[in-house]
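Just below is one structure, and these are the notes that go with it.
Derivation of every value follows stated rules applied to the coordinates shown; laboratory data play no part. Here the structure is a predicted model, which means the values were calculated and not measured. Here Cβ is always computed from backbone atoms with ideal geometry, including for glycine, and neighbour counts include all displayed protein chains.
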Amino acid sequence: MILLEICMLREQTREFIQRLSDADLLAYVRTGVEAYEAEAVQFASDEFERRGLDENRVVELTAAVEQNERQDRENAAERALVPLGKKEKIVAFSLGIFSLGLAFPKVLWIASRYKRCGDLRKADHFEAYFGLGLLAFAAMGLLIGALVFVLSHVLS
């Protein structure tokens, strides 16, 4: 049964690759094993060769794919600089101030999700606002402790 599922997956992958446009197929091959299984990349490369595109068409496609790759890199660079929104800052700060640090695994998970999506600044800000919330909690604890200490000495 598992072997059948693996073969079906491979057949689905092959059908997907065969349906790609020439430009998308070239982009798939250029991306390579960085994002896809080696067997799928080899099949895509073979499919590209099988289409028998003339040299001028390949040059044209390569230029278009390179332009798209440049645009994707620029978009990723811009996305990495977008700051955390006000609501997210409040959430992160609140997690720090009200959770006694127990939300730390959740904060790391949220920050890692931001990082995987390319939102690097948001990830850094989320962690920082959580830390500020923890510091605020600690400061309130110290102030309350100091107040109790002073009042206990004044009233005694």
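Could you grab the relative contact order for the range 86-155? Cα pairs under 8 Å, six or more apart, rounded to a whole percent. Write down the numbers at each step before the final one.
Numbers: 59 pairs, mean separation 29.2, N = 70.
Result for the range 86-155 is 42 percent.
Read through the labelled values (i) 9.0; (ii) 10.3; (iii) 15.1 and report the label of the one computed as mean projected area of the Cα convex hull in nm² from the structure. Among (i) 9.0; (ii) 10.3; (iii) 15.1, the one derived from this structure is (iii).
For the range 14-74, what is the relative contact order in percent, using Cα pairs closer than 8 Å and at least 6 residues apart in sequence?
Details: 30 pairs, mean separation 25.4, N = 61.
For the range 14-74, the relative contact order is 42 percent.
Ranked for footprinting exposure by Cβ neighbours inside 10 Å, fewest first, ILE144, ILE110 give ILE144, ILE110.
Here the relative contact order of the chain, from alpha carbon pairs under 8 Å that lie six or more residues apart, stands at 19 percent.
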